[in-house]
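As structure tokens, the structure follows; a few thoughts come after it.
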Amino acid sequence: MVKQAILALTTAVGLLAAAGPPAGAQAQQADPQGGNPPAAANGGWHHRRMMEMCGDVDAHLAAMLAYDEVRLGITPAQRPAWIKLAETLHGAMEPIRRECADLARRPSASTLPARLEQFQKMAEARVAAMRTAVPAIEQFYNASLSPEQKKVADELAGHGCGMMHGHM
């Protein structure tokens, strides 16, 4: 059960960034016929997709934590450990925040090798975030949750809801 929840949670670090453009990102301009932005506009499809993956990480994390807190029924006695987990997860997202900020400042990669390098940098940021997040989540799961709460966390991990699903 723990491995299933941890696997879903590790996926979260990568998936959290898939929600929308970050604050301050340049708006895309549509083509004259009103369709999708032309490939060259503001860096092309690849650059837009990478920027979309950088959505408002902190807002999404806060929403998922709030959802999971309610679903898990975090008690007053568990609250200090929950707050510590939330702070750890917020800090764990820093490599993703940095990579997203760098991506916003860079022009779009126009060659396959350059695009692959951008994907690799984002993947490395996600792995760095997971290296912090996974042990913290595992510690909280094992040390702080009751058997009933673990069942809820495991259910969340399999049903697409909150942090416990892997949308961290």
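Read-outs: derived from the displayed coordinates by stated rules, not from any lab. Since the structure is predicted, the reported quantities are computational estimates derived from the model, not experimental observations. Every residue, glycine among them, receives a Cβ derived from its backbone with ideal geometry; neighbour counts consider all protein chains shown.
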Would you tally the net charge around ALA63, using a Cβ to Cβ cut-off of less than 15 Å, leaving ALA63 out, and scoring K and R as +1, D and E as -1?
-3
Go through 69-76, 96-103 and give me the packing order, highest mean Cβ count within 10 Å leading.
96-103, 69-76
In nm, spacing of pseudo-spin labels at GLU138 and ARG105 (7 Å Cα→C-beta vector):
3.4
